[in-house]
Amino acid sequence: MQARDFSWAVSAVMVAVLTACNTSNERVETWREPMKEKWEEAETVLPTALPRASDLIEFEVRRRDRGSFFVDSANLTVGPDGITRLALVARSDAGASSATYEGFRCATWQSRLYAIAGETEWSAPRISDWRDVANSSFDPKGVLMQEFLCDGTTPRTPAQVVQRLRYPTVDWR
């Protein structure tokens, strides 16, 4: 028997053996990707007032430049869609500050800008798409998601977020 004929014979025997392994009468189905549930974003309602200094909680971001970052604890919510919405305030050492109202989705590690604070009210941005958030201790959004907002892919409750902001865990490394 030549090598080619031998390989055909072995192949035929293997097919017969594998076919015999399926002893049930059930049809063998091919593996399929699990169905992903359809996600729909809930309507976002902007806060009625701009952030007040008394409601701001500072969090640490390891950046080369100076400045501070704060979360407005009075306007922190987690919607039925799993989005954590909050006002984020950035303040430079010179005193200039800016505030944005943003949404954070732990399931996909993304954020979305809903509004920018003006002098007396919120205004809609020109672009408001979901964007990936960098997992970095130098990025304020990455720090928020990693340390405070998300427990893996699940959003923390507003009370848990405020607790973690007020009493952050100490990294002893």
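The values are calculated or read from the model by the stated rules, or taken from the named source; none is laboratory data. Worth saying up front: this structure is predicted, and the values here are computed from it rather than measured. Cβ placement follows ideal geometry from the backbone for every residue including glycine, while neighbour counts extend to all protein chains displayed. Each accessible area value is taken on the protein alone, full model and side chains, heavy atoms only, with ligands, DNA and RNA left out. Shrake-Rupley method; radii C 1.70, N 1.55, O 1.52, S 1.80 Å.
When residues of region 72-117 are filtered for being under 20 Å from Val162 (Cα atoms) and in a strand (DSSP E or B), how many remain?
20
Can you pull out every residue in region 49-71 that is open to solvent by less than 100 Å² (accessible area, probe 1.4 Å), touching a Phe, Trp or Tyr at 6+ places or on another chain (Cβ under 8 Å) and assigned to a loop (DSSP other than H, G, I, E, B)?
Leu50, Pro51, Val61, Arg63 - these are the residues of region 49-71 that are open to solvent by less than 100 Å² (accessible area, probe 1.4 Å), touching a Phe, Trp or Tyr at 6+ places or on another chain (Cβ under 8 Å) and assigned to a loop (DSSP other than H, G, I, E, B).
Condition first: surrounded by 16 or more Cβ atoms within 10 Å (Cβ to Cβ) and free of Cβ contacts under 8 Å to residues at least 24 places away in the same chain. Now tell me which residues in region 117-145 satisfy that.
Here is the first cut: in region 117-145, the residues surrounded by 16 or more Cβ atoms within 10 Å (Cβ to Cβ) are 117, 122, 133, 139-145.
Gly142, the sole residue that qualifies.
For residues in region 82-111 being surrounded by fewer than 16 Cβ atoms within 10 Å (Cβ to Cβ) and in contact (Cβ under 8 Å) with a residue 12 or more places away in the chain, which is nearest to Val133 (Cα to Cα)?
Within region 82-111, the subset surrounded by fewer than 16 Cβ atoms within 10 Å (Cβ to Cβ) is 90, 92-96, 98, 107-108.
Then drop every residue that is not in contact (Cβ under 8 Å) with a residue 12 or more places away in the chain, which leaves 90, 92-93, 98, 107-108.
Details: Ala90: 17, Ser92: 22, Asp93: 25, Ser98: 19, Ala107: 12, Thr108: 9 Å.
Looking at the filtered set, the residue picked out is Thr108.
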